[in-house]
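S.K.: Before we start, here is the structure in question, set down as structure tokens.
Readers should treat all values here as calculations from the given coordinates under stated rules, not as data from a laboratory. These numbers were taken from a predicted model, which means no experiment stands behind them. Cβ placement follows ideal geometry from the backbone for every residue including glycine, while neighbour counts extend to all protein chains displayed.
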Amino acid sequence: MKEIFVIILSAMLIDNFVLSKFMGICSFLGVSKKINSAVGMGAAVVFVMVCATLVTFPVYTLLLEPNGLEYLRTLAFILIIALFVQLVEIVLKKIVPPLYKALGVYLPLITTNCAILGVTLINIDKELSFGGAVANAFGGGLGFTLALLLFSGVRSRMETCNVPETFKGVPITLIAASIVSLSFMGFAGML
Amino acid sequence: MSSNLKELTKGIIKENPTLVTLLGMCPTLAVTTMAANGIGMGLATTFVLLGSNIVISLIKNIVPKSVRLPVYIVVITGFVTIIDFLLKAYIPGLHSALGIFLPLIAVNCIILGRAEVFASKNSVGKSILDAIGMGIGFTLALFTMGTIREIFGAGAWMGMKIPVLSVNPMLIFIMPAGGFFVLGCVIAVVNKLAKKKPPKEISCANCPNAEACGVKGDNE
């Protein structure tokens, strides 16, 4: 139990996917403008990360590894994730329409979000157990949501600031991200 | 001929994939702690881009429109697996330095974007020029980022020590926070030099890849 907790905490804060591993930067910068959409995107990422791990981990350990096909993992994982996201979209639309309404817009975006493929590959590279892999995905998703939420707060404050002409728009956004990332460095060495 | 030359050069400055259209940010930030890694990542991506652009422009008339994206992804990932093998065998140092970002080239939106926007609509020759130009632009951007971060953060350049800076390097530059900071400054400077306004917003609606990602509209 303690081990699972440590994995969740370290994936969420210390090895934060966005701010220290640089995965999913596009969606991090693209969707963090409003707090509402940040929450929706975050929830969708947690959901898909956990589900993708639930599917890809058994595929790797039961299918690819025993047959010596480890090198096909990138290809297999991408296809599984893309297929799976489509499936989730259809199922949610039919069975849980309110949830679909909340997450639906963000689901297709996630196919090309490298944090999703990243987390499934890291699970394999770190040689985690099945429970550990799911915990890692869950913590990673939570960390993504946390970073997105914090950053959308920073950005809404920034809108009223007077920024030098050259830095307006994307450059100042990146510099703000740098400062948020600096604050996450404080977690390094916590565990 | 001049139009062909334009296909080649547009990717280097005018439509630089990282600094102007803001695609492929993840590897740009992650692997540029050293100039050499930046070049390595840039060339690996160029290889995949070249291969996928050639194959996709060759099969563009055979692939039905509705399944084109999965087909493109499989082609791209095939080339990623090839470069993964090649680097592991011949340049193992670079292979371990790039780490997880090597397989993640498969989801680099520059590549899927060029497949969707360019290779699926143009001839093989033009697609090759486009891939080379975009690849050079991406490599140059990564090299610039890597150079700045290595000089200030490690007091060295391409492994050579720089006299004054190497005594007390500013470590922050090779840490994640420094990556965001340097990229922000480089984008500001490049847009100033190109006399263009920096892109106002990174949003999925303005992204040239929106169609490839399947975004249905703005948010909400």
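S.K.: Work out, step by step, the length gained on full extension between B:Lys192 and B:Met160: first 0.36 nm times the residue separation, then minus their alpha carbon distance; give nm to one decimal.
M.R.: Values: separation 32, 0.36 × 32 = 11.52 nm, distance 3.07 nm.
Answer, rounded to one decimal: 8.5 nm.
S.K.: Give the average, rounded to an integer, of partner chain Cβ atoms located within 10 angstrom of each Cβ in B:23-35. Don't skip to the answer; put the middle values down first.
M.R.: Values: counts 1, 3, 9, 12, 4, 2, 8, 6, 1, 1, 0, 0, 0.
That works out to 4 on average.
S.K.: Given an 8 Å cut-off on Cα distances and at least 6 residues of separation, report the relative contact order of chain B as a percent. Please report the intermediate quantities before stating the final value.
M.R.: Details: 299 pairs, mean separation 70.2, N = 220.
It comes to 32 percent, rounded to a whole number.
S.K.: Just to confirm the number: angle between the C-alpha axis of helix B:124-154 and the first principal axis of chain B, 0 to 90 degrees, nearest 10?
M.R.: 20
S.K.: With only Lys, Arg, Asp and Glu charged, each at its Cβ (+1 for the first two, -1 for the last two), find how big the charge dipole of region B:1-137 is about the Cα centre; round to the nearest 20 debye.
M.R.: Working: 10 positive and 5 negative charges, 69 e Å.
Here the size comes out at about 340 debye.
S.K.: When the Kirkwood hydrodynamic radius is evaluated over all pairs of different C-alpha atoms of the protein assembly as shown, what value in angstrom, to one decimal, is obtained? Write out the running numbers ahead of the final one.
M.R.: Values: mean 1/r = 0.0462 Å⁻¹.
It is 21.6 Å.
S.K.: Report, as an integer, the average count of C-beta atoms from other chains found within 10 Å of each Cβ along A:177-183.
M.R.: Values: counts 8, 13, 3, 2, 8, 7, 1.
Mean number of neighbouring Cβ atoms from other chains: 6.
S.K.: Apply the a/c threshold of 1.5 to the C-alpha gyration tensor of region A:35-118 and tell me whether it is rounded, prolate or oblate.
M.R.: Working: a/c = 2.86, a/b = 2.06, b/c = 1.39.
Because a/c hits 1.5 or more and a/b exceeds b/c, region A:35-118 counts as prolate.
S.K.: Right, something else. What size of dipole, in debye to the nearest 20, comes out for the protein assembly as shown about its Cα centre when the only charges are +1 on Lys and Arg C-beta atoms and -1 on Asp and Glu C-beta atoms?
M.R.: Numbers: 30 positive and 19 negative charges, 210 e Å.
Using Cβ point charges on Lys, Arg, Asp and Glu, the protein assembly as shown gives about 1000 debye.
S.K.: Hey, another quick one. Can you tell me which lysines have their Cα less than 21 Å from the Cα of B:Lys88? Leave out same-chain residues fewer than eight positions away.
M.R.: A:Lys126
S.K.: Just counting partner chain Cβ atoms within 10 Å, what average do the residues of peptide A:120-132 show around their Cβ? Numbers along the way, then the final one.
M.R.: On the way: counts 0, 5, 2, 0, 0, 3, 0, 0, 0, 0, 0, 0, 0.
Taking the mean over all residues of the peptide, I get 1.
S.K.: Please check: in the Gaussian network model of chain A (C-alpha springs, under 10 Å), which one of A:Thr166, A:Thr74, A:Thr120 has the largest mean-square fluctuation.
M.R.: Judging by the Gaussian network model, the answer is A:Thr166.
S.K.: Right, next: Of the peptides B:148-155, A:43-50, how do they stack up when ordered by the mean number of other Cβ atoms within 10 Å, highest first? Please report the intermediate quantities before stating the final value.
M.R.: Working: B:148-155: 21.2, A:43-50: 22.8.
Ranking the peptides B:148-155, A:43-50 by packing returns A:43-50, B:148-155.
S.K.: Quick check: residue separation of B:Val167 and B:Ile82 times 0.36 nm, minus the Cα distance between them. What number comes out in nm? Mind showing how you got there, number by number?
M.R.: Values: separation 85, 0.36 × 85 = 30.60 nm, distance 4.09 nm.
This chain segment gains 26.5 nm when fully extended.
S.K.: What does the charge dipole of region A:1-115 about its Cα centre add up to, to the nearest 20 debye, if the Cβ of each Lys and Arg holds +1 and the Cβ of each Asp and Glu holds -1?
M.R.: On the way: 8 positive and 5 negative charges, 101 e Å.
Dipole about the Cα centre, nearest 20: 480 debye.
S.K.: Okay, next question. Report, in degrees rounded to the nearest 10, the 0 to 90 angle that the Cα long axis of helix B:68-90 makes with the longest principal axis of chain B.
M.R.: So the helix axis and the longest Cα principal axis differ by about 40 degrees.
S.K.: Which pairs in the list B:Lys6/B:Lys121; B:Lys14/B:Lys60; B:Lys161/B:Lys192; A:Lys33/A:Lys93 are over 28 Å apart, alpha-carbon to alpha-carbon?
M.R.: Check vs 28 Å cut-off fails for B:Lys161/B:Lys192.
S.K.: What 222 nm value per residue comes from the helices of chain B, counting each DSSP H run with n ≥ 4 as -39,500 (n - 2.57) and dividing by all residues, nearest 500 deg cm²/dmol?
M.R.: On the way: 9 runs with 129 residues, N = 220.
It comes out at -19000 deg cm²/dmol, rounded to the nearest 500.
S.K.: Under a plain spin-label model, where a point goes 7 Å from the Cα along Cα-to-Cβ, how far apart in nm are A:Gln86 and B:Ile100?
M.R.: About 2.7 nm separates the two model spin labels.
S.K.: Can you classify region A:65-156 as rounded, prolate or oblate using the Cα gyration tensor, where a ≥ b ≥ c are the square roots of its eigenvalues, rounded means a/c under 1.5, and otherwise it's prolate if a/b beats b/c and oblate if not?
M.R.: Values: a/c = 2.14, a/b = 1.33, b/c = 1.61.
It is oblate, given that a/c is not under 1.5 and a/b is not larger than b/c.
S.K.: Using the per-residue mean of other Cβ atoms lying within 10 Å as a proxy for protection, in what order, highest first, do the peptides A:83-92, B:47-56, A:31-40 fall?
M.R.: Values: A:83-92: 15.7, B:47-56: 23.1, A:31-40: 19.4.
Result, highest mean first: B:47-56, A:31-40, A:83-92.
S.K.: Please determine, in degrees from 0 to 90 and to the nearest 10, the orientation of helix B:176-193 with respect to the longest principal axis defined by the Cα atoms of chain B, where the helix direction is its Cα long axis.
M.R.: Taking Cα atoms only, the helix is inclined about 70 degrees.
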